[in-house]
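One structure below.
What follows draws every value from the coordinates through simple rules; no lab data is involved. A quick note: this is a predicted structure, and the numbers were derived from the prediction, not measured. Ideal geometry is used to build each Cβ from the backbone, glycine not excepted, and the neighbour counts take in all protein chains shown.
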Amino acid sequence: MKNVQSITKGVIPAAGLGKRFWPVTKIIPKELLPIVTKPSIHMVLEEANHSGLKDIVLIVALAKKSFFDHLHDFFPQMNFHFVEQREPFGLGHAVGLAEKKVEEEPFVVLLPDVIIDHETTVTQQLIQNFQTIQKSVCAAERVPKEKVHLYGVYDIASSEGKLHKAKGVIEKPNAEKAPSDLGVAGRYLFTPDIFPLLTDTKPGYGGEIQLADAMNILAKREALYAYEFEGRHFDIGHPQGFIQAIDYYGKKEYGNGLD
Ligand code: G1P
């Protein structure tokens, strides 16, 4: 692949059923649940925009597409491409659907149920690493033992400071089987090499096509790096993380005087 310095494409999988937030997500997509005043997808798009991404591929369930029509008004500088995911076959399947729109370029995947606050966005941090190594590089964070079963977990071959070369990834292992304490954290920068691997990936954990399983093959056949990012991370895909994010951003915006 030729040397690439500028990354302009982002993929946001937004077709999940949001079961952890039923019944509200039966009515509205979970990506529109507000962190105080902003739908969470706006926060992720602000990160994408601030990081120089221009073309955003949103993977959506068609029934909910109209909910996202307002995004053009709030992010006029970005182009939105909608791709339908008809069945909830999993995160790996959703990302694979973006192939035609991404067109052979390195791209960033931003999970909308992960919000990370830092002056240099995580996407920028991944891009900076990519500019040097020119290989797929994804966000990583240290995860306590009792929580590794909630994450994809990297198997690490070697490390240089916060940048680790992975030799594999296991989706949601139990604590005894986890190959490290470095979890996959919801931001991924991939070369297009990931697409044929996603096409070949069979259903794995939970009967779904897992992005982590394709990353595992990528690490073994091509190259995959894990970068321990700087920033405060909220997993708003779980009610507890969602409440923490509201508390954090609420205080950031309105201060502590909530009485
Ligand atoms: C997904 C991925 C997992 C990753 C996590 C990060 O899981 O499958 O590998 O570690 O996002 O948030 P989910 O949280 O959607 O169950």
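Note on the range 200-250: along the principal axes its Cα atoms extend 44, 28, 10 Å, ordered by decreasing extent. Antiparallel beta bridges, as assigned by DSSP with both residues in the range 26-166, represent about 50 percent of the total such bridges. Pairs over the 22 Å Cα-Cα cut-off, from the set LYS9/LYS162; LYS65/LYS147; LYS65/LYS101: LYS9/LYS162; LYS65/LYS147. Taking every alpha-carbon pair under 8 Å whose residues sit at least 6 apart, the chain reaches a relative contact order of 23 percent.
Across all directions, the average flat footprint of the convex hull enclosing the Cα atoms of the range 23-140 is 8.2 nm². For the chain, the fraction of alpha-carbon pairs lying more than 28 Å apart is 29 percent, rounded to a whole number.
Once the Cα-Cα distance is subtracted from the 0.36 nm per residue extended length, the ASP117 to SER6 segment shows a gain of 37.7 nm. In plain terms, the chain is cut at each of the GluC sites (Glu not before Pro) found in a DSSP loop with at most 11 other Cβ atoms within 10 Å, and the longest leftover piece is 1-102.
Computed from phi, the 3J(HN,Hα) profile of the range 171-180 under the Karplus parametrisation 6.51, -1.76, 1.60 (θ = phi - 60°) reads 7, 6, x, 7, 3, 5, 8, 5, x, 6 Hz, with x in place of Gly and Pro.
Once the Kirkwood radius over Cα pairs is known for the range 119-242, the Stokes-Einstein relation at 25 °C and 0.890 mPa s delivers a diffusion coefficient of 167 µm²/s.
Free of any trypsin sites (Lys or Arg not before Pro) that DSSP assigns to a loop and that have at most 13 other C-beta atoms within 10 Å, the longest stretch within the chain is 3-85. Straight-distance candidates among the lysines for linking to LYS2, with alpha-carbon spacing under 18 Å and chain neighbours fewer than 8 residues away dropped: LYS135.
Using a/c under 1.5 as the rounded threshold, could you call the range 1-82 rounded, prolate or oblate? The axes a ≥ b ≥ c are square roots of the C-alpha gyration tensor eigenvalues, and prolate needs a/b larger than b/c, oblate otherwise. Prolate.
Using R0 = 22 Å, the C-beta based FRET efficiency linking ARG86 and THR199 works out to 0.85. Put simply, the amide H of GLY152, placed in the peptide plane, has neighbours under 5 Å in LYS172, VAL184, leaving out anything fewer than 5 places away on its chain.
What's log10 of I(q)/I(0) for the range 90-141 at q = 0.26 Å⁻¹, Debye sum over Cα points only, no solvent? Calculated log10 I(q)/I(0) at the listed q: -1.20. Taken as Cα centroids, the range 117-151 and the range 1-59 sit 17 Å apart, rounded to the nearest whole angstrom.
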